[in-house]
Every structure is written in structure tokens, then in C-alpha cells.
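What follows is a short report on a single structure.
The values are calculated or read from the model by the stated rules, or taken from the named source; none is laboratory data. Just so it is clear, the structure is predicted and the values come from calculations on it, not from any experiment. Ideal geometry is used to build each Cβ from the backbone, glycine not excepted, and the neighbour counts take in all protein chains shown.
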């Protein structure tokens, strides 16, 4: 038996509804999860390119400090690079773009639980983004504190911190609402028959992420509010001369920002868990363990924030505990890595672009994670804290992890989102450039950091020059890779072949509906009678 | 009603600051009785006290007197104000009118019994380096014996700090103590106290001494004068733990627990009501 959907609409979701005269109004007022997701995706990728250009300029400047920009400009560049990439691209990243487009489809629903709240969180995102951009363009100096807005400098600097902080504050609300929406959607909207353990891995990770967003983001909001009160009313929560404590800021900030790492990386792991079974034609090995480890990471991830501040002044007991708990996070992460590799084992692997990006994720994220263990242990941390080693580490995790999985998801779901196929050849060429460039760019940072090059410095002694040059050359290759990848995708939107409903042979629900999907996703609400990856069962 | 609530919220946030604000400043008028300076100007310090010099040799205090002395009391493992004060002193000494070692001497004594002569030696090397080339000496270096770094047995430390009225306290991390220079006349008489009052945030030497002040102090000490009455707000060296902080932490804990409880109730609500709201639940168990 199936439940009938009374208002099944067959038109693709790109077609005009005719409710508004202007296209932009029609999209901005839309409550369709796919439209909101597509708008998010375009905004995210635009900010990503701005962030990449800023990062590219930073690397270019480090080639020979002083030739491209002055010291103050350099500080502003790395601050904006961080703020844009973290708050506008990678934290909202996967949930708002791929989550919005695919979460309801993957669980067999017509939309999210609260479509209007979904639209509200998109508007809040736009507002936050505009505020952050305003901080660059209005009178005064762009923010120069680094993306962490560390007090007391963020309270004292004459730069436009207040408006940027306000922007991040608003973005936080967008994030909380998305989390709330997704959690409710997953509880309430699963198709008939889709029990918890028939749900694909990507919704599982979005579920874990949703809780982290709801629980952690208010801490950031409060912290930023304190900065705000400090700047406008002189309230000294973080100012020692007024009885406050700057280390308190660090605690509050990382209490949010470490769980935020999992807001970025958990859904990335979800995408990888979707791609690998499809391209190796095998059920996700240890499916339940992969899903549960997402929850495990989300829970343990709350108790490790102190490892960002081992050198800031903390009792030895606290440091030992934080260090130990940080090591614990490696366990669920390791569970995922081993399960992905086991899924590939004896599979009929097809090395298409999405799999290449997914495999790169496993490789790069492993390096990022293992170097994380090095700096998570106390003794090496004292040497490596605040050096390029940290910069290398988090770029491996953020870009090599979350960034690569976004590009992987982009290729994997591109036919479904746009209804077109991209050129496989150019995707692979782009991947090769990106992957090689990435490793040259960021691996040399590990060496620089080990030699003692401090992060955020405008200038450096001559002995670091060689590695800086190598790193910058890597950034050129990486940029070429990104240009090829995105040129290929943009070209394919207009000139690509029409995509079939299921180009990869996927078994999850999004591949059972046309590309691009119709307005309310399913003509009939599906009834689920099996797990998400029934490759072996069907082959039997 | 809403407006009143808002007013109360904002007022309480703003007033929290003023209540705890200024008690916690590093400068306050006097010590709390336990920690501070009780001026003993004009009295003599016991010159027969025995300390250890940087090489670990026993040395009597009287052997180092005989000329005006700038006495500083610090502990050598300090990571707060002590190194900054000594650093400021190292920048002022080469600019003084008097000849170091001949016209005056600086004695730094650790009041921490745990400090060892080795630490004193490494500190001495450090500050000698900080002084840099000293143009007035023939060999361009600041004379070694013009700045002594002493450590001592418990009794000597006790007697000396008592004699100069220097009151310090052991804390969880190091000590709390006043930051002060003490001028001694050649015969060991306390000629005056020079309080460090200003901390210049963001400077490479946040504590500086004007050569004028030190010249005047040394000249007074050389003549055996007892200068009193320059009572100023002085700096203390201590680990910063504002008294309002634990209250703030309690507040955070309560808010955190409320948030957590809200999340848990939300989860329970979703679970309990899912039967009512979710369609087709009966298919879940079907194979």
C-alpha cells in the first residue's frame, strides 16, 4: 500500500510558478527546500571563491613580504579569509546546501518540517552575509583580529568589529533554525517504513549536526554579544582592568568553535558515506557503526575545546583531561575511515570524479586527523601551538575534509540538481590539479610550522623562504584545479548532456525521481521496505 | 511587562561590571594586611644575614653593603610582573649618573625558599644581556658584581622581608606580592621606597623607571637620608583571578544546564509525539 499525495506536481522545481513578477522575488519568497538549497549553494560557492582569492593573495604576498600589500592590509586579508571561509562558507556549508536539497528527498518527504522557518533561516543567512560584507566596505577599517575575534583586542581595535560580529551573530541564528528544522524533519517526516536504521548515512550525520548546531551555537551568540556590550557600553567581561578575563573569551569561543568543527565535518562524512557505496556497488560496511559514530563524535566533540588553549593558561589537570578526550575523538573518526575502506574492499569500483574526490577526502582527512593527534598531545603542542603546523592541520581538516567533500557532493549530485551531466574528463583533470596543488600548498606548512614559523605573521626570516615559495607555488596549482573544476561545472549547466534519473546506479531515494526533481519531490510518497544500500541483496 | 524585563536584564548585565569592577584592579591603596608594604624608613636591616650568591657561595649581606643599594624582592619563577620590573630596571641602570659597582649596587633577593642559585645565575645572565653594551666601562660591559641575584635560607628571607616590611603571600600559582624598589644607605639603613605604579600595556617594557627618580633615590641613600611620605598606589604582582569569576561560572553552569534540559525535553517531546505526527510508522518494522 502507498499513501497518495493529493497535490503531486510533475513540473521541475526550476519552472516559474507565476506567483511573482520578478524571478528573484519568486525565489527569495519560495519555501521549496530545493530552491532554498540551490540559492544557498550559489551563495556559498560565491563566498568560497572570494575566500579562495583572499587566501591566494595572502600566499602571493608571502612570496616576498611587502610587495603586494602592507602589514595592516595583510592582517585584514587573513581575517576576512577566515571569516568568509568559516562563517559564510564551511559552517553553514553542507547542511544548508546539500542538506536542504537532499535531506527531505533522502527520507522520502515532500519538504522539511518547517518550510517557512527554512526560508527565514535563508534570509537570516543573507542578512548576516550582508553585515559581514558591510564591515569591509563601510567607513573605517575592515576587521583585523583574525577570524576568532579574540578579546581584548577585538574590544580595543578601531576596526569595524561590531558590525562583523553582529553579522556572525545573525548567521548563528540561521544555523540554529536550520538545526532545529532538520532534527524535527528527521523525527517527523520519514517516509512510511523508513525506520531509524533504514535511513541513509547522510541524514544521520545531518541529525547529529542538527543537535550540535542547536546546543553549541547559542554559546557563540552570547560570546559575541559580550564583545558587543564591551565595545558599546564598556562592559568588561573580557577586560582584566574591569575584572574580566580574556581567557574566559577563549573558553567561550572554543566551546562553540570546536563543536563547529564537527558541524563542518560530520555532514562531510555523510556525503562520503553516500558516495563510496554507490561507486563500489557494495552496502556501506558497518552501516550502523558509521551512523552511531556520527553521534559519538557529536557528543565527545563538546568536551575537547580546551585543546585550542593549552598554552593560554590552564591547570595541568585540565590540560591532561582535554588532551585525553581529544584522543577519544579519534576513535569514532577511525571507525568511519576503516568502514569506508572496508566498503571499497572487494567492491566493483568505478573511479568516477565523485569517488576520486571522496577518496581524496579519506586521504587528506586522515592526514588532518593524525596531525591533530600530534598537536592534541601536550608536549608537541607547546612547540607547535600558533605555528604554520596548526594552519596546515586545519586546512587539511577543513579544506581537505569538508571542502573536498563539498566538491565531491557537487559532482555526485550535480546531475540531480541541474539535470545535466558534466565532462568527466575535465572533472578528473581538475581533481588532479587540485589534489596535487593542495598537498604542495599545505604539506609545506607542516614543515614550516615544525621549523617554528608562527602563523599570521606578515614577514619571516630568510630560512623559511624556500618552503614559503613551495607553498605559494602549490596555491597556483590548486587555483588552476579549482578554475578547471568550476568552469567545467558552470559550462555543463548550459551545455551538458541531459542527465538520466540515475546516472550512477545509486539506490537511495533521490535516484528514483527525475533529474531535476519535481516540485514536491515524489509523485507518490514511497514506502520503504529495505535498508539504504541493497547492492548485494539485489545482486543475489 | 516585557519592557520592564528587558530593563532588568540589561541593568543587571551593566551593573555586574561596576560591582566587581574596580576591586580587582592591580592597583589599590594599601595592602590587605597580609600583603603589601609596611614602611620602615630609617630603620636598619640586619647586615649579618647570610644568603647564597649566583655561584652558590654563602655571602653575608654586609659584604654587599658599604655603598648605596637598590634592593628588589622577587621570586625567580615568576611569570607575571617580576621579570617585567627587572627588565625595566635593566633598561634604566646604564643611563644612571652613578657608576655601577662603585657608587651603587643592585641586590635582587628571591623570597621563594625553593629558588636555587642556578636559576639566579641564568636570570643574571639574562638581565646582563638585556642591559646590553655599557659604554662607560672600559670593557663595554656592565660590571658583574654591580647586580647580585641572591637566594637564601628560610630564616634569612624571613628576617630581611620583616626588616623592610615586605609582606607577601603564597598563592596557588606562585606568590602575591607588592612591586617596589627599596633604597638602602651604605650602612644598611632604609632610605626610601620607590613604588612601581604604572603598567604600560602593549609596550616592549611595560614597566619603566626614569633615571631621574633612580638618581634622586640613590643620592638620598648615599647621604643616609630617610625619605618618607611618597605614599602612592602601588602595583602588585599576582595571578589574576577576579572575585566575580566564580559567580559568573555558576551563572554559566546554570544557563548551560537549562539549555541542555531544553534540548533533552525537545528530544523527548519529538519521540513521544512522533506516533501522532508521523505517517506510516506501522511500516517501520516490516521486513
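Assorted remarks:
- Check on residue B:105, crowded, with 21+ Cβ neighbours inside 10 Å and over 15 Å from residue B:194 (Cα atoms): yes
- Flag for residue B:112 being farther than 13 Å from residue B:214 by Cβ and either touching a strand residue (DSSP E or B) at 6+ places or on another chain (Cβ under 9 Å) or surrounded by fewer than 21 Cβ atoms within 10 Å (Cβ to Cβ) (or both): yes
- Qualifying residue in region A:280-293 (condition: farther than 27 Å from residue A:413 by Cα, in contact with a helix residue (DSSP H, G or I) (Cβ under 8 Å, 6 or more places away or on another chain) and buried (at least 21 other Cβ atoms within 10 Å of the Cβ)): no
Let's see how each residue does on (1) modelled with pLDDT under 95; (2) outside any helix (DSSP H, G or I); (3) surrounded by fewer than 18 Cβ atoms within 10 Å (Cβ to Cβ); (4) touching a helix residue (DSSP H, G or I) at 6+ places or on another chain (Cβ under 7 Å):
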| residue | (1), (2), (3), (4) |
| --- | --- |
| A:25 | yes, no, yes, no |
| A:36 | no, no, no, yes |
| A:39 | no, no, no, yes |
| A:42 | no, no, yes, no |
| A:51 | no, no, no, yes |
| A:54 | no, no, no, yes |
| A:66 | yes, yes, yes, no |
| A:78 | no, no, no, yes |
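- In region A:109-124, the residues that are buried (at least 23 other Cβ atoms within 10 Å of the Cβ) and closer than 28 Å to residue B:284 by Cα: A:109, A:112, A:118
- Screening the candidates A:528, A:484 for the property of being surrounded by 18 or more Cβ atoms within 10 Å (Cβ to Cβ), in contact with a helix residue (DSSP H, G or I) (Cβ under 6 Å, 6 or more places away or on another chain) and within 14 Å of chain B (Cβ to nearest Cβ) yields one hit, A:528.
- Flag if residue A:127 is part of a helix (DSSP H, G or I), within 20 Å of the chain's Cα centre (by Cα), crowded, with 24+ Cβ neighbours inside 10 Å and modelled with pLDDT of 95 or more: no
- Single residue of region A:130-147 satisfying the filter (part of a loop (DSSP other than H, G, I, E, B) and touching a helix residue (DSSP H, G or I) at 6+ places or on another chain (Cβ under 6 Å)) that is surrounded by the fewest Cβ atoms within 10 Å (Cβ to Cβ): A:146
- Checking region B:209-225 against the condition returns a match, with at least one residue being crowded, with 19+ Cβ neighbours inside 10 Å and in contact with a helix residue (DSSP H, G or I) (Cβ under 8 Å, 6 or more places away or on another chain).
- Residue count, region B:129-150 (criterion: surrounded by fewer than 18 Cβ atoms within 10 Å (Cβ to Cβ) and under 29 Å from residue B:173 (Cα atoms)): 2
- In region A:488-509, the residue that is surrounded by the fewest Cβ atoms within 10 Å (Cβ to Cβ) out of those that are assigned to a helix (DSSP H, G or I) and touching a strand residue (DSSP E or B) at 6+ places or on another chain (Cβ under 9 Å) is A:494.
- Conditions (1) within 9 Å of chain B (Cβ to nearest Cβ); (2) outside any loop (DSSP other than H, G, I, E, B); (3) over 19 Å from the mean Cα position of the chain (by Cα); (4) farther than 28 Å from residue A:158 by Cβ: number failed by residue A:211: (3)
- Taken together, the residues in region A:233-249 that are within 11 Å of another protein chain (Cβ to nearest Cβ), part of a helix (DSSP H, G or I) and in contact (Cβ under 8 Å) with a residue 24 or more places away in the chain amount to 3.
- Tally, over region A:153-193, of residues that are more than 9 Å from chain B (Cβ to nearest Cβ) and part of a loop (DSSP other than H, G, I, E, B): 4
- Qualifying residue in region A:344-352 (condition: in a helix (DSSP H, G or I) and within 30 Å of residue A:540 (Cβ to Cβ)): yes
- Selection status of residue A:278, modelled with pLDDT of 95 or more and away from every other protein chain (no Cβ under 14 Å): yes
- Residue A:402 being within 22 Å of the chain's Cα centre (by Cα), surrounded by 18 or more Cβ atoms within 10 Å (Cβ to Cβ), touching a residue at least 40 places away in the same chain (Cβ under 8 Å) and closer than 18 Å to residue A:257 by Cα: yes
- Flag if residue A:271 is crowded, with 23+ Cβ neighbours inside 10 Å and under 13 Å from the mean Cα position of the chain (by Cα): yes
- Segments classed as strands (runs of 3 or more DSSP E), wholly inside region B:1-112, with at least 3 members that are farther than 22 Å from residue B:226 by Cα and either at pLDDT below 90 or out of contact with any helix residue (DSSP H, G or I) (no Cβ under 9 Å at 6 or more places or on another chain) (or both): B:58-60
- Being within 27 Å of residue A:226 (Cβ to Cβ), surrounded by 13 or more Cβ atoms within 10 Å (Cβ to Cβ), within 13 Å of another protein chain (Cβ to nearest Cβ) and modelled with pLDDT under 90 holds for only one residue in B:244, B:280, and it is B:244.
- The criterion of being within 14 Å of another protein chain (Cβ to nearest Cβ) and part of a helix (DSSP H, G or I) does not hold for residue A:206.
- Flag for residue A:311 being in a helix (DSSP H, G or I) and surrounded by fewer than 20 Cβ atoms within 10 Å (Cβ to Cβ): no
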